[in-house]
Amino acid sequence: MTVEAARRGGEALGDSALRPDGVLKVTGEFAYSSDLWADDMVWGVTLRSPHPRARITGIDVSEALAVPGVHAVLTHEDVPGEKFYGLEHHDQPVLAIDQVRYQGEPVALVAADHPETARRARDRIRVGYEVLEPLTDARRAALDPSYPKVHGDRSNVVRHQPIRVGDMAHARRVAEVVVRGEYEVGMQDQAFLGPESGLAVPAEDGGVDLFVATQWLHVDQEQIAPCLGLPTGRVRLTLAGVGGAFGAREDLSMQIHACLLALRTGRPVKIVYGREESFFGHVHRHPARLRYEHGATRDGRLVYVDAEIVLDGGAYASSTSAVVGNAASLGVGPYEVPNVRLDAYGVYTNNPPCGAMRGFGAVQACFAYESQMDKVAEACGLDPVEVRIRNAVAEGSRLATGQVIDMPAPLAAMLEDARAFPAPPPTGTADVRDLPGGVSNTTHGEGVRRGVGYAVGIKNICYSEGFDDHSTARVRLETVGGEPAALVHTAAAEVGQGLVTLQAQIARTELGVRQVTVAPADTGVGSAGSSSASRQSYMTGGAVRAACEAVRERVIELAEERLGRSLPGASLHDGRVVAADGLAVASLAEVLAGRAVEETREFRHRRTTALDPLTGQGDSHVQFAFCVHRAVVDVDVELGLVKVVELAAVQDVGRILNPLALEGQIHGGSAQGLGLALMEEIQVRDGVVRNPSFTDYLIPTILDMPPMRTRILENADPHAPYGLRGAGEPPTLSSTPAIVAAVRDATGRPLTRIPVRPEHISCG
Amino acid sequence: MEFLRPLSWEEALALRAGRPDAVPIQGGTDVMVEINFEVRRPGALLDLNPVRELAEWEMAEGRLRIGAGLPYTRLIEEVGDRVPGLAQAARTVGSPQIRNRGTVGGNLGAASPAGDCHPPLLAAGAQVEVESAAGGVRMIPAEEFYLGVKRTALRDDELIRAVWLRPAEGPQHFSKVGTRNAMVIAVCSFAIALHPAERRVGTGIGSAAPTPLRAAEAEEFLAGELAGEPAWGRSLPDGLAERFGELVGRAAAPIDDVRGTAAYRRHALAVMARRTLTWAWQDRLAGTGRS
């Protein structure tokens, strides 16, 4: 079915229910976390290191403390509990201790009654630095044991994950065609709306209540409390208005800092990063260097892949280990490859810390393996789509990890669909906005050539490698003003993906009620896990459904008691209990009779296993999702400017739960991939960020992002709630290599580095 | 930080004279970014928005006098047909919201080498009208206005009142390279203005040297090659536009920076110069573009 054909305006599962915050955000009325306010609050600011690597010889806060209006100045000595935190490794100091390892590392905190006062006091903190040569060569960090260490005696290699399949020596003898490539992926930023911000309020029990924009309340709580020296229960979090996340809010930013200042001053403390500080306040997508060698038969069937992937994790581990796991396990793409030797490394350097971003390790690999597939096609004289179809996985295929795909994976058909999209018409020259360069008036058609490119990607959905993931939902059904009403309570972070809307749709459908309220997300209910890995529809969707089912069972029991007969196969519809024969037997109001029915359920996905540390074998993933892109571009080959004329996507989502929200995810994911292909890069030289602003960190505008065609398939995954498949990330993988392939097609340039810059095309 | 709000031009000049540390602000699209990024903390802001006459334009002595506070949007709509090069540059500034607030005066005051208005002002031979309470009015030719990166010929007690330029006497074009298709700071830019009566072509280069500048050698080359009446009625000789482009590329003194490389800037300028000259000449032969 197409999205256009879907029902709009309804509010049940499958309808394009509208999100409650949509109009507020567009009209500027939405309350972001930066809008939080308490009458007696003070403002916190952070002093950050200007150096990527230095020893701290001394910190003098006396002048800062003397500034009128300043309430507190804190350094690492003021951290009462654990001094380090982190998602996977507790390697990151709350405030720098004796040394700094990246530009922008927090060194000290100031609280003052006005933000400008706090900033001026911050500028009066004197920090002595002995500046050291930054360690910024990720490849040496991965492979050269003599390279100096970023963390004392600890290895620079955060994780090395090999994949070993088959007999490479034999494979090399058999391969008739060999193509090699070296690729580089620049550092992309999530560039979310609403920079890091929150309000920490000291509580009477000695604890603290933190209102914050984040992605996973409970993992924040688990990291914050030990650093404050408090039991977990005395650090309570409530989700504040989030603009977007894309992975950048998985790691802590200002959370511990605001709580420290609140507990020290006894006042509510607000911290709001500006956009420039935000570039230093969160992790980015790992830049990568990738070397690939593909061997194939003359008819384009892959015989082997030999690859090395180096991911630069920067100064602290963040989620580097898991990113390496994805890059390794998905490193050959959605293809059947009988022989694989692949090594993925994630390393420490003095570059900005990198961690989660939409696509999470699969994006970097996808650019490389898809570039390689085009080379294989060319070497074999095949159409790029054809070579992909010949190697595409299907249900029952074995991946490089040995895991068998036990769900629909109709990749070959999806590729055929992408190829069958009608070609967009040639661009006219009447309006410069349709041409490369847009309003900048650089061409009236001169030097413009069209190119077409295809790419596919494979993304794991949910957390992997044996992580016992779960989500919790509490659902309450009662009558309010004579009408049945449901209250859904989870700790799941709405980060713009539409989860609040979806939770309400599920409750409406499962409980047959119109009125559903989704309570604010907080730590007053069990963990929902992270709004990451395209997992929330699956996990929290699954939890809400399970809790609704439990409520429904009890309501039917109540109905049975009331009616004095059993109701096998009964369901709830339109505020009524409906027997198996379709006849309504009682209203919910009658059955509830003033009582509330409340149930809490934890939902778990099926278990996964770790990857073998030597061979990379293991059933490490819960679910796989696929997207195929066709990109059509016009390139001004003289100036190196690109206009993406059309992006077309084919994606299998298992089941469409909200067509409008789904379309938004596919458009947004594709746009983020376009950004990585053509413009988005945090430029780092010698560990120093050169463009920490939206003046020079460019993200696509409406004149860069073309109209999209989408074809959305619904091949249900039998293991997943409703058969759904996570949808947010897959489009981000494949749009980048599809666009670069199209630019190569137009220009004949090799283009091995992304983002592609004009000089790569025109001065090559 | 003090916020000074004069209600008249005379009051603004008086305040300016007494507060050399004050930064004049109009739309705030540049000044406020610098303040928000803590690039500077001026002692005072001199808000020129209440001085309404700055936001007007008029025809005087056969020339167009564009007030320093005329927003780009109004410039495009109200006088764009008379200064097409400047209007094209104005269309490439920021977003619609920025163009509703930003002004030519602000562009001149900031004097960023990447400012979009500078190349068409240079190509058109514009003059900048500045004034101080003590010194009165000075008219500064655009090419003498820019002294260095964000440095101008404006004295401490002077304010920019207006820019003067003749309505286009021939075709004009502006072209700018950026790494996205809208809302982008120039990697480099180029403006051309044909002055048929003088048998000469004006040029302006942006974002490829410490200041905006004219491509003097390229202008002289064209003036020489196109000397005499017949040349201005015929097609461009083969290779002329290419040679012109090379000379424009050579006139620049670009650097490698976060937006692009020096080599790319020279190359792109050569391409833009060739193309814009070709367009301007086509306009002229077709009788369009006010030739």
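Structure data summary
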| read-out | value |
| --- | --- |
| For A:VAL305: the one exception among (1) surrounded by 24 or more Cβ atoms within 10 Å (Cβ to Cβ); (2) more than 20 Å from the chain's Cα centre (by Cα); (3) part of a loop (DSSP other than H, G, I, E, B) | (3) |
| Qualifying residue in the range A:443-453 (condition: surrounded by fewer than 17 Cβ atoms within 10 Å (Cβ to Cβ), outside the structural domain of A:VAL376 (by TED's automatic domain parsing), part of a strand (DSSP E or B) and out of contact with any His (no Cβ under 8 Å at 6 or more places or on another chain)) | no |
| Residue match in the range B:253-260 (condition: in a helix (DSSP H, G or I), of a type in the set (Gly, Ala, Ser) and more than 10 Å from chain A (Cβ to nearest Cβ)) | no |
| The range A:470-493, residues that are over 30 Å from A:GLU590 (Cα atoms) and buried (at least 24 other Cβ atoms within 10 Å of the Cβ) | A:SER471, A:ALA491, A:ALA492, A:ALA493 |
| Check on A:GLN623, in the same structural domain as A:ALA412 (by TED's automatic domain parsing) and open to solvent by 10 Å² or more (accessible area, probe 1.4 Å) | no |
| Some residue of the range B:170-192 being more than 14 Å from every other protein chain (Cβ to nearest Cβ), touching a Leu at 6+ places or on another chain (Cβ under 7 Å) and closer than 22 Å to B:ALA14 by Cβ | no |
| Filter result for the condition that a residue is away from chain B (no Cβ under 14 Å) and touching a Leu at 6+ places or on another chain (Cβ under 9 Å), over A:VAL70, A:VAL42 | A:VAL42 |
| Residue ranges of strands (runs of 3 or more DSSP E) in the range A:80-187 with at least 2 members surrounded by fewer than 20 Cβ atoms within 10 Å (Cβ to Cβ) and more than 14 Å from chain B (Cβ to nearest Cβ) | A:126-131, A:157-165, A:177-185 |
| Residues being touching a Lys or Arg at 6+ places or on another chain (Cβ under 8 Å) and open to solvent by less than 10 Å² (accessible area, probe 1.4 Å) - total across the range A:732-750 | 5 |
| Residues that are assigned to a strand (DSSP E or B) and either open to solvent by 40 Å² or more (accessible area, probe 1.4 Å) or among the β-branched types (Val, Ile, Thr) (or both), drawn from the range A:49-75 | A:ARG55, A:ILE56, A:THR57, A:ILE59, A:ASP60, A:VAL70, A:HIS71, A:VAL73 |
| Hits in the range A:454-469 - residues which are buried (at least 16 other Cβ atoms within 10 Å of the Cβ) and of a type outside the set (Gly, Ala, Ser) | A:TYR454, A:VAL456, A:ILE458, A:LYS459, A:ASN460, A:ILE461, A:CYS462, A:TYR463, A:GLU465, A:PHE467, A:ASP469 |
| Scan of the range B:235-291 for residues that are touching a Cys at 6+ places or on another chain (Cβ under 9 Å), within 17 Å of B:PRO212 (Cβ to Cβ) and either open to solvent by 40 Å² or more (accessible area, probe 1.4 Å) or among the hydrophobic types (A, V, I, L, M, F, W, C) (or both), ordered by number | B:ALA252, B:ARG259, B:ARG266, B:ALA268, B:LEU269, B:MET272 |
| Filter pass, B:GLU61 being of a type in the set (D, E, K, R), free of Cβ contacts under 8 Å to residues at least 60 places away in the same chain, open to solvent by 30 Å² or more (accessible area, probe 1.4 Å) and on the phi > 0 side of the Ramachandran plot | yes |
| Which numbered condition B:LEU45 misses (of (1) part of a loop (DSSP other than H, G, I, E, B); (2) within 30 Å of A:GLU116 (Cβ to Cβ); (3) open to solvent by less than 20 Å² (accessible area, probe 1.4 Å)) | (1) |
| Selection count where residues are assigned to a strand (DSSP E or B) and either at the interface with another protein chain (Cβ under 10 Å from one of its Cβ atoms) or at pLDDT below 95 (or both), scope the range A:690-722 | 0 |
| Candidate set from the range A:405-440 (those that are free of Cβ contacts under 8 Å to residues at least 12 places away in the same chain and outside any helix (DSSP H, G or I)); member that is farthest from the other protein chains (Cβ to nearest Cβ) | A:PRO422 |
| Residue, nearest to the other protein chains (Cβ to nearest Cβ), within the range A:656-689, restricted to residues that are in a loop (DSSP other than H, G, I, E, B) and among the polar types (S, T, N, Q) | A:GLN683 |
| Residue check, B:GLY136 on the phi > 0 side of the Ramachandran plot and out of contact with any His (no Cβ under 9 Å at 6 or more places or on another chain) | yes |
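The values are calculated or read from the model by the stated rules, or taken from the named source; none is laboratory data. All values derive from a computational prediction rather than experimental measurement. Backbone-built Cβ (ideal geometry, glycine too); neighbour counts: all protein chains shown. Note: accessible area is taken over every heavy atom of the protein model, side chains too, but ligands, DNA and RNA are not part of it. Shrake-Rupley method; radii C 1.70, N 1.55, O 1.52, S 1.80 Å.
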